[in-house]
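*Asks:* Input: one structure, supplied below.
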Amino acid sequence: MPDIETTCVQCKEMFLFTEKEQEMFYQRNMPPPQRCPKCRSKKAAIGEDAPKRFEIVCDNCGKHDQVPFQPKVGRTVLCRECHEASRSRARYA
Ligand SMILES: [Zn+2]
Ligand SMILES: [Zn+2]
């Protein structure tokens, strides 16, 4: 397969989707990249791919915290400290 010239959707610059990369992408069953390597690494650098965080208010102490999951409505949400505390309480009960 020849190298493919692709236009980056972000900076509109042309970049090469090389034969080697194509192979790698097809092997992993991934769609062809839409961004040039520069923008791709920039995206990774600003942490856009980092896991989402949800803002919560602890039901126990009222502290604001962030959790890596979507809290369910109507369920008790705890900040990290209270969560740890309730966990160790359960363990030693
Ligand atoms: Zn780009
Ligand atoms: Zn708390």
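*Asks:* Kindly provide the set of residues from the stretch 60-80 that are of a type in the set (Val, Ile, Thr) and more than 18 Å from the chain's Cα centre (by Cα), ordered by number.
*Replies:* Within the stretch 60-80, Val73, Thr76, Val77 meet the criteria.
*Asks:* Please determine, by comparing only the residues of the stretch 52-66 that are surrounded by 12 or more Cβ atoms within 10 Å (Cβ to Cβ) and near ligand 2 (Cβ under 8 Å from one of its atoms), which one is farthest from Glu81 (Cα to Cα).
*Replies:* By that ranking, first place goes to Asp59.
Every read-out reported here was derived from the displayed coordinates using simple, explicitly stated rules and does not represent laboratory data. Computed from a predicted model, the values in this text were never measured in an experiment. Don't worry about glycine lacking a Cβ; one is built from the backbone with ideal geometry, like all the others, and counts go over all protein chains shown.
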